[in-house]
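**Student:** Structure incoming, see below.
The values are calculated or read from the model by the stated rules, or taken from the named source; none is laboratory data. From a predicted model like this one, the values you see are computed outputs, not experimental measurements. As a convention, Cβ positions derive from the backbone with ideal geometry for all residues, glycine included, and neighbour counts pool all protein chains shown. Accessible surface areas use protein heavy atoms only, side chains included; no ligands, DNA or RNA. Shrake-Rupley method; radii C 1.70, N 1.55, O 1.52, S 1.80 Å.
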Amino acid sequence: MKYAYYPGCNTEGLSRELDQSMRAIAPKLGIELVDLPEFVCCGAGQIREKDDVAELALNVRNLCIAERQGLDLLTVCATCYGTLLHTQYCLTHDRGRREQVASRISSLGYSLEAALRTRVVHILEVFNGLRTEILKQVISPESQKQIVVAPFYGCRLLRPHHELTTDFAREYMLESLITACGFTSVAYAGRTACCGFDIAFTDQPVTLRLLEKRLAEAAASRADWIVTACPLCQNVLDGLQSKARRGHDTHALIPVLHLPQLVGIVLGIDFRALGLQRHIVPVRKSSA
Amino acid sequence: MNTCVLHIRRYDSVRSYWQEFTVDPTGKTVLDALKEIRDTQDQTLAYRAQCRSGICGSCAMRINGQARLACKTFVTDVLVQGKLTLEPLTGFGIIRDLVIEESLFWETIAQIKPWIEAAPAVGSVPEWLADESADSYGVENCILCAACQSDCEVHEVKQGGYAGPAGFVQAYRYVRDPRDHTTRERLQLLESQGIWSCTHIQQCSDVCPKGIRIGRVITALRSLLLRSGMGKNPGGRHVEAFTSGVRKHGKLDEFWTMIRTRGMRILSDLPVGWRMTRRGKVVKPVQRKSENSNELKHFFRDN
């Protein structure tokens, strides 16, 4: 499987361990990642608020770059995924926007048709298709069963429903993957809820209250770890966890893993190669 | 007979509990089932309903954990393993069973001033707002059922000063009405009503029984704020800093976006920052660059 690899800005910066773990596990699962240095930021729904046509144009460019290689675009970030699909939705359903986007970029050689031909894939879909392959490679299924993992999808992977093409949460894709990796998955209220990342810099008290709820829900379900399909969710669930849980038992802090790290652990990849030492809430080497 | 079990959250001003009722779901809406229970099994069951046609918005309730209109939802469409849970909307007080205390909701909506302030003179409407061809995202169809407000997680945890999705929908309706001449005041009002606190969860867009694209409404309102020179706060600064970094280099400039957004508040982030630095999570002031990013200037509007 060969993909145009779109890591996203957060994955290339603050969440470098996500990129690192993705590159570490890819060869083990027969995934070939093609780097395209022309890729630009997806806009993350932020640029849309300044200039919505510009955000669409940036993503048309990204989609066209993948299309020139004849490859599907693979992302490890739920936010990039949602923003890219939002672009394709607007190109298909909103003639006004389509014309505006075309007028800004067509002279530069990008075409809307090419952008619509590219399939956008989130890593969760790829792992889901590789469940049996992962199951075969799991190194120590018995010890892993003891570890309880709470799935956390991330809003952009799920909503708005009409813009997306796959219903990850209703198909329990994250839960199935956790089980395929040999861990025990828990059902809990927060799985499809909000982490508050978007306003972590602008209205942090609200972010902290949302985080407190999410972490309390995960703790109540006796989760040892949380695994998330979005690096932005990971940033605040991990980075702001002790702030959000101030006053609670600090021993009860819950490590928050990126999806490829979870898979990497069961494939027996080295702790540091997965960037697990970079987490703020430490992941204990013995359990990993 | 085909049967299913409805788990209904009851409240009688003293205690709150779940009660099960068995009904035949065939061809029935949730509202039909509730009426049947009240007519044939328990006369004390309380719920609100009026038009039975998805117009009045009275019968919004949480059906299997999601806000929906009872009159528009067929039981068989939402049953999970022969069961259904019915609860009152969240984020409001409860009067009895499925009947919520609505007064706070109406107060919030009233603060948005959902009425037209007549224009005093021709030409007083800013050009960019008088553009009626701009998408309305269906705001004129709002029935004020409060489903979006119920399922908005920010509304649930933010203590006051938040108009919520229902308030933003009303605001957009009057902001884009060319007969209204108080656009600037309306936009200013939104800044004190939490417009920059939305986290884009998009739950509102998903639960709206009228299909209003509420997430895009909020985006459109924020755009109008920025274009009219407002948004001089962390929310507005974040969008500006994010955009200018990408415009220049094609990649998010994490360092300067964070500094420009937080301002002096960055000092309160130092403990978290220190913990991250110790783990090697450092945001560097050196900007990464995409190849051929110089062409990106053509992608953006000039102002």
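**Student:** Could you list, in sequence order, all residues of the stretch A:46-61 that are open to solvent by less than 10 Å² (accessible area, probe 1.4 Å) and facing chain B (nearest Cβ under 8 Å)? Spell out how you get there, then give the answer.
**Tutor:** Taking the stretch A:46-61 and keeping what is open to solvent by less than 10 Å² (accessible area, probe 1.4 Å), we get A:47, A:49, A:51, A:53-61.
Passing the criteria: A:I47, A:E49, A:D51, A:V53, A:A54, A:A57, A:L58, A:R61.
**Student:** When the residues of the stretch A:4-24 are filtered to those that are among the hydrophobic types (A, V, I, L, M, F, W, C) and facing chain B (nearest Cβ under 9 Å), which remaining residue is surrounded by the fewest Cβ atoms within 10 Å (Cβ to Cβ)?
**Tutor:** Going through the qualifying residues, I end up with A:L14.
**Student:** When the residues of the stretch B:254-267 are filtered to those that are under 16 Å from A:G239 (Cα atoms) and facing chain A (nearest Cβ under 7 Å), which remaining residue is surrounded by the fewest Cβ atoms within 10 Å (Cβ to Cβ)?
**Tutor:** My answer is B:M258.
**Student:** Also: Just give me the residues in the stretch A:160-186 being outside any loop (DSSP other than H, G, I, E, B) and crowded, with 17+ Cβ neighbours inside 10 Å, in sequence order. Talk me through it step by step, then tell me what you get.
**Tutor:** Applying the first criterion (outside any loop (DSSP other than H, G, I, E, B)) to the stretch A:160-186 yields A:161-163, A:173-180, A:184-185.
Those that are outside any loop (DSSP other than H, G, I, E, B) and crowded, with 17+ Cβ neighbours inside 10 Å: A:E163, A:M173, A:L174, A:E175, A:L177, A:I178, A:A180, A:S185.
**Student:** Go through (1) away from every other protein chain (no Cβ under 14 Å); (2) buried (at least 16 other Cβ atoms within 10 Å of the Cβ); (3) β-branched (V, I, T) one by one and return the number of the condition A:I105 breaks.
**Tutor:** (1)
**Student:** Kindly list, by first and then second residue, each pair from a residue in the stretch B:82-95 that is modelled with pLDDT of 95 or more to a residue that is open to solvent by 40 Å² or more (accessible area, probe 1.4 Å) and among the charged types (D, E, K, R), limited to pairs with Cβ atoms under 6 Å and residues at least 6 apart or on different chains.
**Tutor:** B:E87/B:R9; B:E87/B:R62; B:I95/B:E101
**Student:** Among the residues of the stretch A:75-96, what is the count of those that are more than 21 Å from the chain's Cα centre (by Cα) and either buried (at least 17 other Cβ atoms within 10 Å of the Cβ) or assigned by TED's automatic domain parsing to the domain that holds A:C233 (or both)?
**Tutor:** Taking the stretch A:75-96 first, the residues more than 21 Å from the chain's Cα centre (by Cα) are A:90-96.
Next cut, either buried (at least 17 other Cβ atoms within 10 Å of the Cβ) or assigned by TED's automatic domain parsing to the domain that holds A:C233 (or both) only: A:90-91.
Of the residues in that region, 2 qualify.
**Student:** Moving on. When you go through A:R284, A:R191, A:R272 one by one, which is the residue that is within 24 Å of A:I178 (Cα to Cα), not polar (S, T, N, Q) and not assigned by TED's automatic domain parsing to the domain that holds A:Q137?
**Tutor:** Sole residue among the options that is within 24 Å of A:I178 (Cα to Cα), not polar (S, T, N, Q) and not assigned by TED's automatic domain parsing to the domain that holds A:Q137: A:R284.
**Student:** Another one. Enumerate the pairs (first residue in the stretch A:270-284 and assigned to a loop (DSSP other than H, G, I, E, B); second residue anywhere and among the hydroxyl-bearing types (S, T, Y) and surrounded by fewer than 20 Cβ atoms within 10 Å (Cβ to Cβ)) with beta-carbon separation below 9 Å, excluding pairs fewer than 6 apart on the same chain, so at least 6 apart or on different chains.
**Tutor:** Within 9 Å, the pairs are A:I280/A:S242; A:V281/A:S242.
**Student:** Out of the residues in the stretch A:127-142 that are open to solvent by less than 70 Å² (accessible area, probe 1.4 Å) and at pLDDT below 90, which is farthest from A:Y188 (Cα to Cα)?
**Tutor:** Among those residues, the one meeting the criterion is A:Q137.
**Student:** Applying the selection to the stretch A:130-143, what residues are closer than 23 Å to A:C233 by Cβ and either touching an Asp or Glu at 6+ places or on another chain (Cβ under 9 Å) or assigned to a helix (DSSP H, G or I) (or both)?
**Tutor:** Hits for the stretch A:130-143 are A:R131, A:I134.
**Student:** How many residues does the stretch B:199-230 hold that are at the interface with chain A (Cβ under 9 Å from one of its Cβ atoms) and part of a loop (DSSP other than H, G, I, E, B)?
**Tutor:** Selection size over the stretch B:199-230: 6.
**Student:** Give me a count of the residues in the stretch A:232-275 that are open to solvent by 40 Å² or more (accessible area, probe 1.4 Å) and of a type in the set (S, T, N, Q).
**Tutor:** The qualifying residues number 1.
**Student:** Any idea which of B:K35, B:K28 is touching a residue at least 40 places away in the same chain (Cβ under 8 Å) and among the basic types (K, R)?
**Tutor:** Among B:K35, B:K28, only B:K28 is touching a residue at least 40 places away in the same chain (Cβ under 8 Å) and among the basic types (K, R).
**Student:** Continuing with this model, one more query. Can A:D72 be described as open to solvent by 10 Å² or more (accessible area, probe 1.4 Å) and touching a residue at least 40 places away in the same chain (Cβ under 8 Å)?
**Tutor:** So A:D72 passes the test.
**Student:** Need a quick list: strands (runs of 3 or more DSSP E) entirely within the stretch B:42-115 having at least 2 residues that are open to solvent by 50 Å² or more (accessible area, probe 1.4 Å) and in contact with a Ser or Thr (Cβ under 9 Å, 6 or more places away or on another chain).
**Tutor:** Numbers: elements: B:60-63, B:66-69, B:83-87, B:94-96.
Output list reads B:94-96.
**Student:** Condition first: open to solvent by 10 Å² or more (accessible area, probe 1.4 Å), at the interface with chain A (Cβ under 7 Å from one of its Cβ atoms) and not in a helix (DSSP H, G or I). Now tell me which residues in the stretch B:231-253 satisfy that.
**Tutor:** Result: B:K251, B:L252.
**Student:** Has the stretch B:192-210 got any residue that is more than 30 Å from A:Y153 (Cα to Cα), in contact (Cβ under 8 Å) with a residue 24 or more places away in the chain and not basic (K, R)?
**Tutor:** Yes: the stretch B:192-210 contains one or more residues that are more than 30 Å from A:Y153 (Cα to Cα), in contact (Cβ under 8 Å) with a residue 24 or more places away in the chain and not basic (K, R).
**Student:** So, one more: Pick from the stretch A:187-205 the residues that are closer than 8 Å to B:T199 by Cβ and of a type in the set (A, V, I, L, M, F, W, C): which of them is surrounded by the most Cβ atoms within 10 Å (Cβ to Cβ)?
**Tutor:** A:C194
**Student:** With the requirement that a residue be of a type in the set (D, E) and more than 7 Å from chain A (Cβ to nearest Cβ), what does the stretch B:268-295 give you?
**Tutor:** If the condition is that a residue be of a type in the set (D, E) and more than 7 Å from chain A (Cβ to nearest Cβ), then B:D269 is the only one that fits.
**Student:** Does A:A150 satisfy being open to solvent by less than 40 Å² (accessible area, probe 1.4 Å) and outside the structural domain of A:S185 (by TED's automatic domain parsing)? Reasoning before the result, please.
**Tutor:** On the way: open to solvent by less than 40 Å² (accessible area, probe 1.4 Å): yes; outside the structural domain of A:S185 (by TED's automatic domain parsing): no.
No: the conditions fail for A:A150.
**Student:** Further, regarding this structure: Within the stretch B:172-196, restricting attention to residues that are among the hydroxyl-bearing types (S, T, Y) and surrounded by fewer than 20 Cβ atoms within 10 Å (Cβ to Cβ), which residue is farthest from the chain's Cα centre (by Cα)?
**Tutor:** B:T182
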